[in-house]
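What follows is a set of notes on a single structure, which appears directly below.
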C-alpha cells in the first residue's frame, strides 16, 4: 500500500473545517508548495550541477593515470587513452549544460577557468608526447611540471565550483526555511480565530506536513556539515520519497568519493606502494596485534647505495625509473601478507608479519642478491646498483619506537660495514640514551602510538 498523499490530507482538512478556514488553508497550502519547490530546486541543483562536477574530477584523476603509464612504458594504447579522455574533459568543460543563466555567471567563469587550464595541460601533454615519439633522451622536466600544475589548477577550479554551488544550495534551503516559518505563523493565527475543530485540523496538518519538512531541514543541516553518512527516511510521505531518495543517493556518492580520495592519499605516486603515513598506520596495527596475541614480526629498512650518483650521471628520469624497478623487484620478493612502502626518496621499509630472525635474514639476502646481480637498462644506459638492509625483530616487551630505532641502527651498521650488506640488530645492541636515527625521521616517530 502506497503512502497517503499530502494533497489528499489537505482536502480532508478542508472538508472538516468551516468555510472561513478555507481561505486560510489555501494560503497555508501555497506556502507549503513554495517550500517544497525550494527544496526540489535545491535537489535539482545537486543532481544536475554538483554531480557532473564530481564526475569531472574523477575523470581527471583517471586521465592522469594513462599519461603516467605512457611516460613509463611508451605504449601507444596509454597515449590514445589519455587523448580520448582529455578531449572528453575539454568538451565537458567548454559546454556546461545548465550554467548559462545570468545568475550563474560566477559558475560560468569558473568553468571557463577550468577549461583554459585543462586546455593548457592537454597542449603541454602533446608536446611531451612529441618528445617521446621523437625519442628524445630526456623529457623536459619543465613541461612535466607545467602539465601537473595545470592539472592541479583545473582540479582546484572544480573544487571552487563545488563551493559556489553549495552556497547556492544553502540559499535555497534558507528560502525554504523562511517559507516554512511563515506557514507556522499563519497556522498560529488560524488557531486563534477558529473554534475547537480548527485546533484538531491544525494538529493533523502539523503531523502531515511540518514534521517531514523539519526532518528534511535537520538532515540538510547535518548534510552541509559533512556528516554524509546520516540516513534520511521519509517513506511515510509520498511527495518526499523522491527527495529523500535523491538525498541518500548523493550522500552515498560523496562518501564513495571520500573513500577513494583517502585511498589515493595513502599511496606513493611513483612506486604505487604505501606511502609513509599509510605504512605507519599498518605498523601500529601489527604492533597492537603483537601486544594482544603475542605474535612476532620483523622490520626491514632498505637504502639504495649511492643513489645520488645515478641521478648525477644519468639524470633524474633514469633515477625515478630505477626506483620504480627496484620497487617492483621488492614486491616480487616478498609474500602477499608483507607490507612494503616507500619511506623516503631512495629508502624503502617492509613489514614482515609472523617472520622470525632467520626468515627475515633469508628474505633480505634474497632481495640484496637479486638487486646487486641485476643489470639495469634504462634509456640506453646500463648500470648496476646495490642496497644496504637493516633488520630487527620485535621482542615481547619491546616498544614500537625501540624497534624502529633498532632497525635504523642495523642499517647504519650495514653502511659502515661497506654497503651492499644485511645487518641484524638485537635489542641489547641499542642504547636509547645515546642513539640518534639517521634514516628515520624524528617527526615520523612521533606518529607512533
Please go through the stretch 385-401 and give me each residue that is modelled with pLDDT of 95 or more and outside any strand (DSSP E or B), ordered by number.
385, 386
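Here is a yes/no grid of residues against (1) part of a helix (DSSP H, G or I); (2) assigned by TED's automatic domain parsing to the domain that holds residue 399; (3) within 26 Å of the chain's Cα centre (by Cα); (4) more than 19 Å from residue 391 (Cβ to Cβ):
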{"site": "270", "(1), (2), (3), (4)": "no, no, yes, yes"}
{"site": "281", "(1), (2), (3), (4)": "yes, yes, yes, yes"}
{"site": "286", "(1), (2), (3), (4)": "yes, yes, yes, no"}
{"site": "292", "(1), (2), (3), (4)": "yes, yes, no, yes"}
{"site": "295", "(1), (2), (3), (4)": "no, yes, no, no"}
{"site": "299", "(1), (2), (3), (4)": "no, yes, no, no"}
{"site": "309", "(1), (2), (3), (4)": "yes, yes, no, yes"}
{"site": "322", "(1), (2), (3), (4)": "yes, yes, no, yes"}
{"site": "328", "(1), (2), (3), (4)": "yes, yes, yes, yes"}
Do we find a residue being in a helix (DSSP H, G or I), assigned by TED's automatic domain parsing to the domain that holds residue 294, over 19 Å from residue 322 (Cβ atoms) and touching a helix residue (DSSP H, G or I) at 6+ places or on another chain (Cβ under 8 Å) anywhere in the stretch 366-380?
yes
With the condition kept exactly as written, say whether any residue in the stretch 407-422 is loosely packed, with under 13 Cβ neighbours inside 10 Å and touching a helix residue (DSSP H, G or I) at 6+ places or on another chain (Cβ under 9 Å).
no
Candidates 127, 98, 79, 102, filtered to the one that is more than 20 Å from residue 157 (Cα to Cα), surrounded by fewer than 16 Cβ atoms within 10 Å (Cβ to Cβ) and either modelled with pLDDT of 75 or more or not assigned by TED's automatic domain parsing to the domain that holds residue 314 (or both):
127
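The values are calculated or read from the model by the stated rules, or taken from the named source; none is laboratory data. A quick note: this is a predicted structure, and the numbers were derived from the prediction, not measured. All Cβ positions, even for glycine, are placed from backbone atoms using ideal geometry, and neighbour counts span all protein chains on display.
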